[in-house]
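These notes are about the structure you will find just below.
The values are calculated or read from the model by the stated rules, or taken from the named source; none is laboratory data. Not measured: the values here are computed from a predicted model. Neighbour counts run over all protein chains shown; Cβ positions are idealised from the backbone, glycine included. Note: accessible area is taken over every heavy atom of the protein model, side chains too, but ligands, DNA and RNA are not part of it. Shrake-Rupley method; radii C 1.70, N 1.55, O 1.52, S 1.80 Å.
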Amino acid sequence: MLKFGEWIAKHRVLILIFGVVMLLPSAMGYLKTRVNYDILSYLPKDINTMVGQDILKDEFGNGGFSLVMVEGMSDKDVAATADKIAAVDHVSNVVCYQSMTGCTIPKEILPADIYDFFNKGDNTMMAVFFDDTTSADSTLNAVEEIRGIASNQCFVSGMSAITLDMKNITENETLIYAVIAAILTSIVLMVTMDSFLIPVFFMLSIGFAVVWNLGTNILLGEISFITQALAMVLQLGVTMDYSIFLWHSYKEQQKYFPNSNQDAMAHAIAATITSVVGSSFTTVAGFLAMCFMTFTLGLDLGIVMAKGVVCGVISCVTVLPAMILLFDKAIAKTSHKDFLPAFKRTSSFIVKNSWIFLTAAIVVLIPALYGNNHYSVYYKLDSTMPKHLDSVIANTKLAEEYGMNSTHILMVKSDMSAKDANKMLGEIKDVDGVQFAAGFNSLVGSAVPEEAVPDEIRSVLKSDEWQLMLIGSEYEIASDAVNAQVGKIDDIAHKYDPDSMLIGEAPATKDLITITDRDFKVVNLLSIGAIFLIIAFTFKSISLPVILVSVIELAIMINLGTAYYTGSTLSFIAPIVIGTIQLGATVDYAILMTTRYRTERHSGKDKKESVGIALSTSIKSIITSALGFFAATVGVAVYSDIGLISELCMLLARGALISMVVVIVTLPSMFMVFDKLICKTSAGFLPKEEKNKFEYRFKNA
């Protein structure tokens with residue numbers, strides 16, 4: 001590693017030039033990486049709701065669909081508007097009362113309830129089908145064009161409209177997130193570090209790593225909007241420690257090489273690689289655990305962030321040293337005294353009262369555990385979006401005027417008899433909350449022979465193998481009521497056709513609830529298990545993994561449990577993200593203190609002195625790291641208009657502070673109480689001669 005460090009220090013200009021050159025292809029890759037705004041598309045492809053959507057696209061040429069409401073138009077104008085919408089690129093079909101009666105079917109023989117379905121007062125509804133998926137770029141462009149056709153009288157509802165608004169907000173805000181995080185983190189570092197200028201180079205080197213990471217996302221084809229929005233902020237928060245490690249190591253090496261900054265940096269790089277790589281293992285393990293989720297959004301976020309940590313390590317030991325050496329004089333001129341106190345009294349107080357703090361932790365554990373198991377979760381992501389958005393207004397109007405908060409599509413075999421189809425729909429109409437249920441036969445009526453139905457109507461609802469039935473529900477997506485309704489409709493449909501499939505946002509969200517509930521348990525166990533093994537291997541210990549992981553898990557439970565006591569409702573993905581990221585990123589605080597505790601114990605000091613030194617020497621680094629993570633996320637939490645992003649960042653910000661406090665006050669207390677057990681079950685904590693005496697006493701105790 002020393003030879004590598006010497007090469008980096010010697011070729012610092014070349015390294016910096018290469019790093020800058022790599023920004024160009026990375027920026028191009030970032031701009032060309034498609035962003036997916038449809039959360040439901042990450043569901044497993046083999047479940048009925050996803051299989052049904054594929055069939056809908058293949059058999060009917062319909063991917064996504066929206067219910068469009070027009071206000072205050074005559075029948076003639078509605079028909080003209082429907083024609084304009086039908087002419088929009090990637091709109092495959094438009095179904096409304098006016099378009100149906102304008103065909104060859106006499107208006108008089110259409111079922112009376114069809115008029116009531118499409119018309120309420122001076123409002124008229126039409127179903128618009130797209131030829132591509134809900135979140136496809138072509139579909140979103142079509143929604144935007146439809147909005148412009150009759151902007152003041154046209155309201156486009158549904159998932160595609162929500163996705164378009166989410167896309168517009170995210171595109172406008174993502175870069176601002178990075179700027180806010182960089183500014184706030186720099187302010188924290190200027191106060192907690194010994195130079196006003198060094199934070200600027202920290203941000204620049206991390207910026208290099210962020211751009212490299214985002215640029216290589218093009219190899220994945222696309223990433224989710226959640227990953228896109230969080231990647232910059234999270235990468236800054238979790239990799240900033242590496243820059244701090246390098247700087248502190250460089251300052252220490254300058255004492256041994258006062259006349260050669262190049263030699264000092266070479267040794268600093270060699271020392272930093274070992275500590276940074278070891279530190280990054282826990283963070284990478286946390287992110288990679290997310291890759292085992294059945295809901296593949298975890299795979300998306302996990303790969304991108306694990307890759308980001310690797311890019312952060314590379315930049316830390318290449319680009320940052322080059323910058324520091326090239327601008328060393330300017331950095332030295334901006335040096336200032338340490339603003340943070342030594343915290344010696346704080347450390348002494350915590351060690352002296354270790355039993356009190358450990359007892360307090362146990363007391364806090366009880367309400368934290370209860371809150372962690374009882375906070376509310378939501379799955380309808382648009383429920384936290386700003387109320388002024390077009391999609392939110394449209395969905396609200398549809399609910400108010402038509403009493404419909406969700407729409408399902410039931411797919412059954414096309415050879416089902418008209419008698420069975422009507423009987424099945426009759427049962428479905430009797431299900432609580434169903435406002436409307438109609439299929440091919442009910443729409444055209446029993447008086448019209450199937451052969452007389454025009455192809456433009458038949459092709460919308462019936463293919464050679466399948467037929468579609470539309471079901472309107474008054475219940476909101478992701479509610480217990482709609483989930484129960486979906487279950488009942490499924491049961492009824494399977495009586496008549498065992499191969500039937502119920503698709504749409506509500507059925508897909510019901511699957512999402514089931515799948516992510518299982519995923520959370522799997523990811524939580526995997527992340528804990530992986531980090532447990534890393535700590536066990538690092539310290540060659542049986543007891544320390546249990547102690548360190550328990551401390552951070554307490555912090556996580558306090559963080560998530562706070563939501564219950566404040567009456568907050570968390571998104572379904574929050575427990576997964578917090579459970580892995582807070583554990584992986586902040587367990588480093590505990591590892592840092594444990595490493596120094598082992599060093600002091602091995603040098604022959606008693607447990608009290610060893611724990612006191614470990615705490616007093618680690619506390620400033622822990623506070624600096626935690627405040628940096630807090631600063632990187634809290635600004636985004638306050639600024640973002642996307643409720644999900646704001647919530648996740650606030651949880652991460654709060655989690656960093658909670659982990660900081662819990663590690664500082666609880667971990668030293670556990671070292672004091674379990675010192676004998678730690679020394680017995682861990683390597684390198686006692687000098688050789690004392691270890692032999694200790695083992696003899698322990699064996700004969």
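Give the number of residues within the stretch 289-341 that are assigned to a helix (DSSP H, G or I) and more than 29 Å from Ile226 (Cβ to Cβ).
Let us first name the residues in the stretch 289-341 that are assigned to a helix (DSSP H, G or I), namely 289-292, 297-317, 319-326, 328-333.
Filter again for more than 29 Å from Ile226 (Cβ to Cβ), leaving 317, 321-326, 328-333.
Here the count works out to 13.
When only residues in the stretch 506-530 that are of a type in the set (S, T, N, Q) and in contact with a helix residue (DSSP H, G or I) (Cβ under 6 Å, 6 or more places away or on another chain) count, which is most open to solvent (accessible area, probe 1.4 Å)? Even if it seems obvious, please write down each step before you answer.
Of all residues in the stretch 506-530, those of a type in the set (S, T, N, Q) come to 509, 514, 516, 524, 527.
Subsequent filtering for residues that are in contact with a helix residue (DSSP H, G or I) (Cβ under 6 Å, 6 or more places away or on another chain) retains 524, 527.
Working: Asn524: 41, Ser527: 0 Å².
Filtering first and then ranking leaves Asn524.
Scanning the stretch 464-483 for residues that are in a helix (DSSP H, G or I) and touching a residue at least 12 places away in the same chain (Cβ under 8 Å) turns up Ala481, Val482, Asn483. Every listed requirement among (1) more than 26 Å from Thr580 (Cα to Cα); (2) part of a helix (DSSP H, G or I) is met by Asn259 save one, (2). When residues in the stretch 639-673 are screened for being open to solvent by 10 Å² or more (accessible area, probe 1.4 Å) and in contact with a Lys or Arg (Cβ under 8 Å, 6 or more places away or on another chain), 1 of them pass. Restricting Ile218, Ile176, Ile226 to those that are within 25 Å of the chain's Cα centre (by Cα), open to solvent by less than 20 Å² (accessible area, probe 1.4 Å) and not polar (S, T, N, Q) reduces the list to Ile226.
Kindly indicate whether any position in the stretch 584-606 is open to solvent by less than 10 Å² (accessible area, probe 1.4 Å), β-branched (Val, Ile, Thr) and touching an Asp or Glu at 6+ places or on another chain (Cβ under 9 Å). There is no residue in the stretch 584-606 that is open to solvent by less than 10 Å² (accessible area, probe 1.4 Å), β-branched (Val, Ile, Thr) and touching an Asp or Glu at 6+ places or on another chain (Cβ under 9 Å).
On the basis of being touching a helix residue (DSSP H, G or I) at 6+ places or on another chain (Cβ under 7 Å), at pLDDT 85 or above and of a type in the set (A, V, I, L, M), does Val35 make the cut? It is true that Val35 is touching a helix residue (DSSP H, G or I) at 6+ places or on another chain (Cβ under 7 Å), at pLDDT 85 or above and of a type in the set (A, V, I, L, M). Might you let me know whether the stretch 685-693 holds any residue that is open to solvent by 20 Å² or more (accessible area, probe 1.4 Å), at pLDDT 90 or above and of a type outside the set (S, T, N, Q)? No, there is no match, as no residue in the stretch 685-693 is open to solvent by 20 Å² or more (accessible area, probe 1.4 Å), at pLDDT 90 or above and of a type outside the set (S, T, N, Q). Of the residues Ile528, Ile503, the single one that is within 23 Å of the chain's Cα centre (by Cα) and modelled with pLDDT under 95 is Ile528.
Of all residues in the stretch 50-59, at least one satisfies being under 27 Å from Phe118 (Cα atoms), out of contact with any strand residue (DSSP E or B) (no Cβ under 6 Å at 6 or more places or on another chain) and of a type in the set (Val, Ile, Thr). Here is the figure for the stretch 283-299: residues that are under 15 Å from the mean Cα position of the chain (by Cα) and open to solvent by 20 Å² or more (accessible area, probe 1.4 Å) total 6.
Filter the stretch 374-427 down to the residues that are open to solvent by less than 30 Å² (accessible area, probe 1.4 Å) and assigned to a loop (DSSP other than H, G, I, E, B), then identify the one that is nearest to Ala127 (Cα to Cα). Filtering the stretch 374-427 for residues that are open to solvent by less than 30 Å² (accessible area, probe 1.4 Å) and assigned to a loop (DSSP other than H, G, I, E, B), the one nearest to Ala127 (Cα to Cα) comes out as Met404.
Given the options Asp455, Asp480, name the one that is surrounded by fewer than 22 Cβ atoms within 10 Å (Cβ to Cβ), within 41 Å of the chain's Cα centre (by Cα) and either closer than 20 Å to Asp382 by Cβ or modelled with pLDDT under 75 (or both). Before you say what the answer is, go through the steps one by one.
Working: Asp455 fails: within 41 Å of the chain's Cα centre (by Cα).
After applying the criteria, what remains is Asp480.
With respect to Val51, is the statement that it is modelled with pLDDT of 85 or more, within 20 Å of Glu144 (Cβ to Cβ) and aliphatic (A, V, I, L, M) true? It is false that Val51 is modelled with pLDDT of 85 or more, within 20 Å of Glu144 (Cβ to Cβ) and aliphatic (A, V, I, L, M). Applying a threshold of 7 Å to beta carbon distances and a minimum spacing of six or more residues, or different chains, the list of pairs starting in the stretch 1-15 at a residue that is acidic (Asp, Glu) and ending at one that is open to solvent by less than 70 Å² (accessible area, probe 1.4 Å) reads Glu6/Ala266.
Tyr256 fulfils the conditions (1) more than 26 Å from Ile623 (Cα to Cα); (2) touching a residue at least 60 places away in the same chain (Cβ under 8 Å) except for a single criterion, (2). Need pairs with beta-carbon distance below 6 Å; first residue at pLDDT 90 or above and of a type in the set (Asp, Glu) and within the stretch 422-451, second open to solvent by less than 30 Å² (accessible area, probe 1.4 Å) and assigned to a helix (DSSP H, G or I); sequence gap 6+ or separate chains. From residues that are at pLDDT 90 or above and of a type in the set (Asp, Glu), the pairs are Glu427/Ile492.
Go through the residues of the stretch 562-578 one by one and say whether even a single one is at pLDDT below 90 and closer than 18 Å to Met660 by Cα. For the stretch 562-578, residues at pLDDT below 90 and closer than 18 Å to Met660 by Cα: present. Pairing each residue of the stretch 66-87 that is surrounded by fewer than 17 Cβ atoms within 10 Å (Cβ to Cβ) with any residue that is of a type in the set (Asp, Glu), provided the two are 6+ apart or on different chains, yields C-beta distances under 7 Å for Glu71/Asp122; Gly72/Asp122. Scoring Gly567 on the criteria (1) buried (at least 24 other Cβ atoms within 10 Å of the Cβ); (2) at positive phi leaves a single failure, condition (1).
Of all positions in the stretch 246-264, at least one carries a residue that is buried (at least 21 other Cβ atoms within 10 Å of the Cβ) and touching a Cys at 6+ places or on another chain (Cβ under 9 Å). Answer yes or no as to whether Phe130 is at pLDDT below 85, in contact with a strand residue (DSSP E or B) (Cβ under 7 Å, 6 or more places away or on another chain) and among the hydrophobic types (A, V, I, L, M, F, W, C). So Phe130 fails the test. Out of contact with any Phe, Trp or Tyr (no Cβ under 7 Å at 6 or more places or on another chain) and at pLDDT 95 or above: which single residue out of Pro386, Pro367, Pro341 fits that description? Result: Pro367 is the single residue among Pro386, Pro367, Pro341 that is out of contact with any Phe, Trp or Tyr (no Cβ under 7 Å at 6 or more places or on another chain) and at pLDDT 95 or above. Contact annotation: residue pairs with Cβ atoms under 7 Å, 6 or more positions apart or on different chains, pairing a residue in the stretch 614-638 that is surrounded by fewer than 22 Cβ atoms within 10 Å (Cβ to Cβ) with a partner that is among the basic types (Lys, Arg) and at pLDDT below 90, are Ser616/Lys344; Thr617/Arg596. Would you mention how many residues in the stretch 328-354 are touching a helix residue (DSSP H, G or I) at 6+ places or on another chain (Cβ under 7 Å), open to solvent by 60 Å² or more (accessible area, probe 1.4 Å) and among the hydrophobic types (A, V, I, L, M, F, W, C)? Qualifying residue count, the stretch 328-354: 1.
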